[in-house]
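The values are calculated or read from the model by the stated rules, or taken from the named source; none is laboratory data. In this text, all values refer to a predicted model and were calculated from it rather than measured experimentally. What goes into the accessible areas is simple: the full protein's heavy atoms, side chains included, and nothing from ligands, DNA or RNA. Shrake-Rupley method; radii C 1.70, N 1.55, O 1.52, S 1.80 Å.
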Amino acid sequence: MGLFFKKKAKEKNEIGNKQLKETLANTALQMLKEEIEYDELLGTRCEFGYLFVIDGHGLEALFKITTDKGTFYFAAQQNSLMRLSIDEAYFEEATRVFLSLHQ
């Protein structure tokens, strides 16, 4: 009698994919533009906690954008981008846990 193991999904860390990060950041900025009026983009920063593409699942990302109006958190899952209501401590912990499970 043989043992059967579920094949682990192939994962690719895309944290170095500049084009993908720019696309996600620009999409998030468009979402923010619909909700708030930020005064200027000068000094706007985007920081990714993680960015993976997982076979059979798609995109998994957690990132934040800091504008002159504050810090805003986003998650990308498959083909969806969502604004999150979390704080910095949760962002850091979620990043730590995800990376520990997926590296």
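What angle do you read, to the nearest 10 degrees and between 0 and 90, between the alpha-carbon axis of helix 18-35 and the longest principal axis of the chain?
50 degrees
Among Leu32, Leu42, Leu24, which one shows the highest mean-square fluctuation when the chain is modelled as a Gaussian network with alpha-carbon springs under 10 Å?
Leu42
Give me the angle, in degrees from 0 to 90, between the Cα long axis of helix 88-101 and the longest principal axis of the Cα atoms of the chain, rounded to the nearest 10.
Computed tilt is about 20 degrees.
Given N residues in the chain, what is Rg(Cα) / (2.2 N^0.38 Å)? The partial results should precede the final answer.
Values: Rg = 15.9 Å, N = 103, 2.2 N^0.38 = 12.8 Å.
Against the compact-globule rule of thumb, the ratio is 1.24.
List, in order, the whole-Hz ³J(HN,Hα) value for each residue of the range 64-73 obtained from phi through the Karplus relation with A = 6.51, B = -1.76, C = 1.60 and θ = phi - 60°; use x for Gly and Pro.
9, 10, 10, 10, 5, 9, x, 10, 10, 10
If you roll a 1.4 Å probe over the chain with all protein chains in place, what percent of the accessible area is carbon or sulfur? Provide the component values of the computation, followed by the final result.
Working: 3790 of 7320 Å².
Summing carbon and sulfur atoms, their accessible area is 52 percent of the total for the chain.
Pick from Glu14, Glu88, Glu40 the residue whose mean-square fluctuation is largest in a GNM of the chain, springs joining Cα atoms under 10 Å.
With Cα springs under 10 Å in the chain, the top fluctuation among Glu14, Glu88, Glu40 is at Glu40.
Taking a 23 Å limit on the Cα-Cα distance, which of the listed pairs Lys12/Lys69; Lys33/Lys64; Lys10/Lys64; Lys21/Lys69 fall beyond it?
Details: Lys12/Lys69 33 Å; Lys33/Lys64 15 Å; Lys10/Lys64 26 Å; Lys21/Lys69 21 Å.
Over 23 Å Cα-Cα: Lys12/Lys69; Lys10/Lys64.
Please list, in chain and number order, the residues 5+ apart from Leu84 or on another chain whose amide H is under 5 Å from its amide H, with Hs placed from the backbone.
Amide H neighbours of Leu84: Tyr73, Phe74, Ala75.
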